[in-house]
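Asks: First the structure, which I've put down as structure tokens, then a few questions once you've had a look.
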Amino acid sequence: MRGSTERLVLIIGAFIMIIGMPAVIIAAMALGYIPLGKALSTHPLVIIPYAFVKIGWGLVWAIVAVDWVVHGSHGMRRILGELVKSEKGRRILDFITNAVMVVTGVVMFYVLVFVT
């Protein structure tokens with residue numbers, strides 16, 4: 001992937017995560033699916049997917065989960081990039097990181113959307 005494409009994916013994912021996740025939790029509380037006390041006392045990694053599924057936005061949750069995969073892959077590439085010094089090594093690292101990102105993203109999306 002080109003650098004500009006990667007940045008675009010990260011920016012779109014960031015908007016989904018910054019705006020979408022709080023909006024979904026607020027919507028789930030407003031619709032009565034999640035009590036306020038439960039929303040405030042439950043860990044976000046538990047309550048966020050629960051809220052997405054409860055209001056019927058499982059597909060959006062899958063997109064957010066794939067965005068987490070992309071974000072983690074970029075972090076992994078940065079850390080490993082500090083250890084690789086040659087240009088050929090960096091190209092190989094980029095290829096492996098992008099392959100892991102695509103395969104994991106597709107599998108996660110499939111599991112979250114189509115497997116019940």
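The values are calculated or read from the model by the stated rules, or taken from the named source; none is laboratory data. Please read all numbers here as calculations on a predicted model, not as lab measurements. Here Cβ is always computed from backbone atoms with ideal geometry, including for glycine, and neighbour counts include all displayed protein chains.
Asks: Given the residues 11, 26, which is the only one that is surrounded by fewer than 16 Cβ atoms within 10 Å (Cβ to Cβ), of a type in the set (A, V, I, L, M, F, W, C), in a helix (DSSP H, G or I) and at pLDDT 85 or above?
Replies: Every option except 26 fails the conditions.
Asks: What tally of residues in segment 92-110 results from selecting those that are touching a helix residue (DSSP H, G or I) at 6+ places or on another chain (Cβ under 6 Å) and at pLDDT below 85?
Replies: Residues flagged as touching a helix residue (DSSP H, G or I) at 6+ places or on another chain (Cβ under 6 Å) and at pLDDT below 85 within segment 92-110 amount to 5.
Asks: Can you tell me which residue is farthest from residue 113 (Cα to Cα) among those in segment 39-54 that are buried (at least 18 other Cβ atoms within 10 Å of the Cβ) and β-branched (Val, Ile, Thr)?
Replies: 47
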